[in-house]
Amino acid sequence: MPSFDIVSKVPWHEVDNALGQAQKELAQRYDFKDTNTEIEKTAEGLLVRSSSEDRAKAGLVVLQEKLIKRKVSLKFLDLQDPQPTGKGGSRILAKVKEGIEGEPARKIVLGLKEAKVKVQASIQDAQVRVTGKNKDDLQKAIALVRGMDLDVELSFVNFRD
């Protein structure tokens with residue numbers, strides 16, 4: 001039986017490239033001079049630190065622009081509120097979401113059932129597996145899922161005949 005998986009995978013190599021480009025731009029731009037603005041990748045996500053809240057927000061905008069240029073969707077980022085640091089500085093954490101967690105996965109499965117497409121969808125770990133009897137039904141399912149308004153970036157992988 002033909003099947004495919006719906007996943008949400010972050011292209012980490014592109015994120016690293018965008019991070020490097022953003023760091024280089026922050027080092028070169030005059031409006032960031034003497035603000036100690038820096039962007040780094042941590043275990044929690046991407047961290048933007050600066051001497052003031054507005055410079056931290058501007059640093060985040062630079063990072064987002066670089067991610068867009070590298071074709072990385074901003075749906076992968078979960079932006080947190082700016083937090084004050086010592087010496088009047090500020091930091092903004094952008095958590096990186098990877099995998100399809102509970103609620104969006106249930107919406108996908110429910111949407112496929114309600115559309116009465118002849119496929120079966122099941123949630124497995126952080127992905128959704130869709131199986132059907134022929135390729136046409138699977139293509140209809142892909143089109144239906146692409147049309148859904150989810151706050152998760154989706155890709156369709158492991159197509160098997």
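Numbers below:
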{"quantity": "Structure-based [θ]222 nm, the chain - -39500 (n - 2.57) summed over DSSP H runs of at least 4, per residue, nearest 500", "calculated": "-12000 deg cm²/dmol"}
{"quantity": "Matching label, percent of Cα pairs over 27 Å apart computed from the structure shown, candidates (1) 16; (2) 39; (3) 30", "calculated": "(2)"}
{"quantity": "Ranked list, fewest to most other Cβ atoms within 10 Å of each Cβ, for LEU112, LEU79, LEU47", "calculated": "LEU79, LEU47, LEU112"}
{"quantity": "Cα shape, region 12-96, gyration tensor, a/c 1.5 rule", "calculated": "oblate"}
{"quantity": "Cβ-based exposure ranking for VAL157, VAL117, in which fewest neighbours within 10 Å come first", "calculated": "VAL157, VAL117"}
{"quantity": "Gaussian network model of the chain, springs between alpha carbon atoms under 10 Å - residue of VAL61, VAL72, VAL48 with greatest fluctuation", "calculated": "VAL61"}
{"quantity": "Segment LYS95-LYS140, extension gain: residue separation times 0.36 nm, minus the distance between their alpha carbons", "calculated": "12.9 nm"}
{"quantity": "Charge-dipole axis of the chain as Lys and Arg at +1 and Asp and Glu at -1 on Cβ define it, positive-most pick from TYR30, ILE100, LEU46", "calculated": "ILE100"}
{"quantity": "Within region 121-160, backbone nitrogen closer than 12 Å to the virtual label 7 Å beyond the Cα of GLU114 toward Cβ", "calculated": "148-149"}
{"quantity": "The chain: most fluctuating residue of ARG129, ARG55, ARG29 per GNM, C-alpha cutoff 10 Å", "calculated": "ARG29"}
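Just so you know, all these numbers are worked out from the coordinates, no wet-lab data involved. Bear in mind the structure is a predicted one, so any value in this text is a computation, not a measurement. Ideal geometry is used to build each Cβ from the backbone, glycine not excepted, and the neighbour counts take in all protein chains shown.
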